[in-house]
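Structure, as C-alpha cells:
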Amino acid sequence: MTIAIVLGIVVVALVLFSIDTIPIEVSSLVVVCLLALTGVLTPSQAFEGFSNDTVIFIFTLLAMTQGLASTGVVQLVGQRLAFFARFGHQTFVLAMMVAVAAFSSIISNTVTTAAFLPVAIGAAQRAKVPKSKVLLPLAYASMLGGTIFLYGTSTNLVVSAALQRMEMPGIGVAELAPVGFPLAVIGILVVVLLAPLLLPAREGQGAMEDWTLRDYITEAMLPPDSRYVGKELADITEGLGLRVIGIIRDGQTLPAVPTYRLHGDERLIIEGNREDILRVKDLRGIEIRPDVKLSDVELSDRDTILIEASVPQGSTLVGRSLKETLFLERYGLVALALHRAPAIQRVTKLQLLGRIFGERSLSLLPLSVGDVLLLRGPREKVPELARGTNLVVLGGREYQPPRYGKALLAVVLFLGALGAGTLELVPLAVAGLTGMLAMIATGCVDARIAFRVDWRVVLLIGSMMALGLAMEESGAGRFIGNAVAGLGAYGGPRMVLALLMVLTIMLSAPMSNQAAALVVLPVALNAAQQLGVDPRAFAMGVTLAASCSFITPLEPSCVLVYGPGHYRFTDFFRLGTPLTAMLVAALVVAVPWVWPFQSKGPEAPARGTPVSTVAPVGAAGP
C-alpha cells in the first residue's frame, strides 16, 4: 500500500511540474506536504532534506559565485566569450558550451552553472541572442562536463562512496573519462545543431524582466594617461565587446575603424545596453563624460542606486537640455546615458558626430517626450524624484562597481572552499560556509549581495531529497528496479544495462540524480551477480546515466536557468528527449567496451557484503 501511495505522489509531482502556471518551488513543497500528510514520512524525515549538508553547501556556493561576479571575474570571462558571437549564434553557443564543460569536468556542475549564468546572460545580450537560446545549452554543458572526471558532479562521488561501502573499488579520478569525454563531445554537438531549431526565442514579460533592454548612447573620454592610448580601436570594440560608432578628435569626426590608433583626449560615441554602459564606466582608462564625479561622502558604493527614468508628456524637461536644467544640481543624480525612439536615436547619433546641425554634446541635446535616462546617484534622492512630475522612474537596482582588486582573492577563496570540501578536509557545509564568510569579511562581496541567491534551488533540492527518501523507505524504487531487471534478463547483459540506464534516467525525474543512482545501484549489482558478469560495467553505466537526464528541469543546473531563461517544462522535453536518446545509445555501446562483460561466475561481486547494502537515499545530497 505504501508503495502505491509513493508512486501516486510521484505522478502528482510530475503533473504539477508540467503545469507552467504553478511555480516549480510551490510544486516541490506540495510534494513534501503530501509525503507528511499520508504518513509515508514523519515530519522530521520530510523536512530533513532542507538541513542536509550538501544543500547547505550548494547554497553557500551560490553565494560565493556572487563574489566572483562582484570582483569582475565572470565579466572578464564573458568578454572573451562574446568575441565568438561575431562568428554566428551557433559558434557562440559552441564556444560557451566547451568552456562550461571544461570547468564542469573538475568543478561541480551546479557550481559551474551558477558561476557562468551571469556570464552567459551578459554575453547573450551583447551578441543579440535570446537568453532562451543560450541558457539551456549552458546547463546541459555543465551536466555533460560532469561525466568526465570523478569530481565533476556529486553523483560520481556518491556512487564511488557507495561502492567502497560495499567493499568494491571506488571510482578513479579519471576512470570515467574514456566514456565521459566522447559523451560530452557528442552531447555538445547535438545541442549546437538542435537547439536553434527546438528552443523558442522567448524573452521575459512584465515582472519577469528586471529591466527592459534598451540601447543607450553615451560619450566616453580617453584621458592622456589612459592605458588604451596607442592601442587599436579593436581592443575596445572587439576585445571588450563595445560598440563605438564614432570618434571625435580636435572637433573632427573620425570613422570607427578597428585598426585606428587611439590618442589621448579623444571623445568616443558609444551605443549599447545598460550592461555595456556600466562596463565602460567601470573600466580603468576610459571615463564616461556625463559622469561628473561626486564626492566619496556624497556617493558611496553602499548608498548608490542605478535607475531608469522616462520623460513624460508635460514635463518641464521637454525641449531643454541636461545642462540647461542644471540636472545634477537639481536632482542630485548623474545622467550616464540616453535612450530615444529609434528614429530620433538615429538623428541623435548624427548630431553627436557633428554630421547635422553641427557637433553637439550629450548634455546639450534637448530632451523629448519618451526619452529614457540611465541615472546613477544616492538612494535617498530617488523618492524625491519619483514624487515629482518631470520624470517617471521605471526601475532601479543597487549599483556596485566591480572590485577588480579582489578578483584573485575571490578565486583563491572559491577554489579553496571547493577543494577543502571535495577532498573531505572539512565537511562540505563547513567548507562552503567558511568560504562565503571569508569573501564577505575580505570585502570581495557585500553581505546583502551574497545572500541574494535563488532560493527556489534550495527548496526544490530539499523537496526532491524527501521524495528520494520516500522511494527508498517504501521500497518503491527497488520494486520498479527489480521488475525491469527481471524483464531485461531475457535479452542478455547489454539489454539489462540499457534498461537499468533508462530506469536511472526515469527515476532521476522525480528525485535527484544521486538518489536515482543509489536506488538503482544495488539492483544493478544484483543483476550482474545473477548474470555472472563483472558488476563494474553496470555500476559505471548507472553512474553515467544519472548525469544524462536532460528531459526535465529538475536537475539543479537546469533549475538555475529555468527562471532567467523564461523556460517552460516542455522546452526541456523538446530538446532533452533526442539528446538523452542519443547519449543512452552511445553508452550502451561504449560502457561494455571500456568495462567488458567478462564472466565472474555466480559469486556475489561484493566481497563479503550483500550488494543490497547501500546508504539511505536521504543521506546523499544533490
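Near the amide H of LEU394, within less than 5 Å, lie the amide hydrogens of GLU308, ALA309, SER310, all on another chain or at least 5 residues away, with H placed in the peptide plane.
Where Rh denotes the Kirkwood radius from the mean inverse Cα pair distance, what is Rg over Rh for the range 134-207?
Values: Rg = 16.6 Å, Rh = 14.2 Å.
In the range 134-207, Rg relative to Rh is 1.17.
Amide H to amide H, with H built 1.01 Å from N, GLY246 comes under 5 Å of ILE269, counting only residues 5 or more places away or on other chains.
Phi angles across the range 187-193 convert, under the Karplus curve 6.51 cos²θ - 1.76 cosθ + 1.60 with θ = phi - 60°, into 3J(HN,Hα) values of x, 5, 5, 4, 5, 4, 7 Hz, Gly and Pro given as x.
Between VAL15 and ARG330, residue separation times 0.36 nm minus the direct Cα-Cα distance comes to 107.8 nm.
Placing pseudo-labels 7 Å out from each Cα toward the beta carbon at ALA161 and ALA234 gives an inter-label distance of 5.1 nm. Relative to the current alpha-carbon distance between GLN530 and LYS381, full extension at 0.36 nm per residue lengthens the span by 46.2 nm. The phi torsions of the range 256-272, fed into the Karplus equation with coefficients 6.51, -1.76 and 1.60 and a -60° offset, translate into couplings of 7, 7, x, 8, 5, 7, 6, 10, x, 6, 9, 10, 9, 9, 10, 10, x Hz, rounded to whole numbers, with Gly and Pro shown as x. What the phi angles of the range 337-350 give under the Karplus curve with 6.51, -1.76 and 1.60, with θ = phi - 60°, is a coupling list of 7, 10, 10, 9, 4, x, 5, 5, 5, 5, 5, 4, 4, 5 Hz, glycine and proline written as x.
A crude spin-label estimate for the pair ASP250 and SER368, with each label 7 Å from Cα along the Cβ direction, gives 3.4 nm. Sorting the segments 495-508, 334-347 by their mean number of nearby beta carbons within 10 angstrom, highest to lowest, gives 495-508, 334-347.
Calculated FRET efficiency, ALA585 to VAL412, Cβ-Cβ distance, R0 = 51 Å: about 0.75 to the nearest 0.05. Scanning residues 5 or more positions from ALA337 or on other chains, those with amide H under 5 Å from its amide H are LEU374, with H placed 1.01 Å from N in the peptide plane.
Values in this text are rule-based calculations from the coordinates and carry no lab data. Keep in mind it's a predicted model, so treat the numbers as computed, not measured. With ideal geometry, Cβ positions are generated from the backbone for all residues, glycine too; neighbour counts draw on all protein chains shown.
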